[in-house]
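S.K.: Once you've had a glance at the structure underneath, I'll fire off some questions.
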Amino acid sequence: MTDGLQQLWAGWRHPYVTDATDAERDKAGGPGVDCVFCRIAASGPPSADNGVVWRGETCFCVLNAYPYASGHLLVLPLRHVERLDELTPAESAELWAATQDAVTAITAAYRPDGLNVGANLGRAAGAGIPQHVHLHVLPRWSGDTNFMTAVAGVRVMPQSLADSWAQLEPAWPGRGEPPSP
Ligand SMILES: [Zn+2]
C-alpha cells in the first residue's frame, strides 16, 4: 500500500482488513501465526465473509483487501512461504493454474480491456505482506490510469468487497455453468 494513499470509499472494511495492523504485517512471520494471509487460509471455506473466492489443495484465491481496482484478486499458497522458489512443484503448479482461473473469472465477471498479473517480491518491490508470497491478478480498462491517484493521492473504489466476491465467486471456472444441453 502506497504511503499516504487514501480511499475515498471505505464502506466495506472486512474484519481481516482491520485485523491486519501494520505491526502484524511487519513481523517476520515465523510459522505464520501472525500472518494475515495464514489467518485467512485458516478461516474455512470460501465465503463473502473471508473474501476467499476459491480454495484448492495447496493454494487459494482471495480478494485483495487493499484493491487497486474492483475485482483485484490475490492467488497464494496456503502454506506460509516467503519465496517463490520455496514452493513445492505441486504448489507451484496449482498456483499457476489458479492464476489462470483467476484471469478467467475476472474476464467473465468484469469484461475488462486487459489484466495485470504479477508479484511484488520483497518490501522493496512494493509487497505489503512480503513474508507470504502472493500473485496479483486485477482487471484494467482503457484509460483507467486513475488520475485521482496520480493527482490527489486518492483512489475511488466503485464496488464493495462483498459485491466483488458475489460477482467473482460464481465466475470461477467450474462453477455456475449452465447445465449441458
Ligand atoms: Zn502466512
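Results for (1) within 29 Å of Pro112 (Cα to Cα); (2) modelled with pLDDT under 95, shown as yes or no for each residue.
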residue: Gly30; (1), (2): no, yes
residue: Gly44; (1), (2): no, yes
residue: Ala65; (1), (2): yes, yes
residue: Ser70; (1), (2): yes, yes
residue: Ala93; (1), (2): yes, no
residue: Ala98; (1), (2): yes, no
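S.K.: Right, next: Starting from segment 71-82, keep only residues that are open to solvent by 10 Å² or more (accessible area, probe 1.4 Å), then list their pairs with residues that are among the hydroxyl-bearing types (Ser, Thr, Tyr) and at pLDDT 95 or above whose Cβ atoms are within a distance under 9 Å, requiring at least 6 positions of separation or different chains.
M.R.: What qualifies is Leu78/Thr58; Arg79/Thr58; Arg79/Thr88.
S.K.: Can you confirm whether segment 50-59 contains a residue that is exposed (fewer than 14 other Cβ atoms within 10 Å of the Cβ) and aromatic (Phe, Trp, Tyr)?
M.R.: No.
The values are calculated or read from the model by the stated rules, or taken from the named source; none is laboratory data. Bear in mind that the values here come from a model prediction, so they are computed numbers and not experimental data. Don't worry about glycine lacking a Cβ; one is built from the backbone with ideal geometry, like all the others, and counts go over all protein chains shown. To get the accessible areas, we keep the full protein, side chains included, count just its heavy atoms, and leave off ligands, DNA and RNA. Shrake-Rupley method; radii C 1.70, N 1.55, O 1.52, S 1.80 Å.
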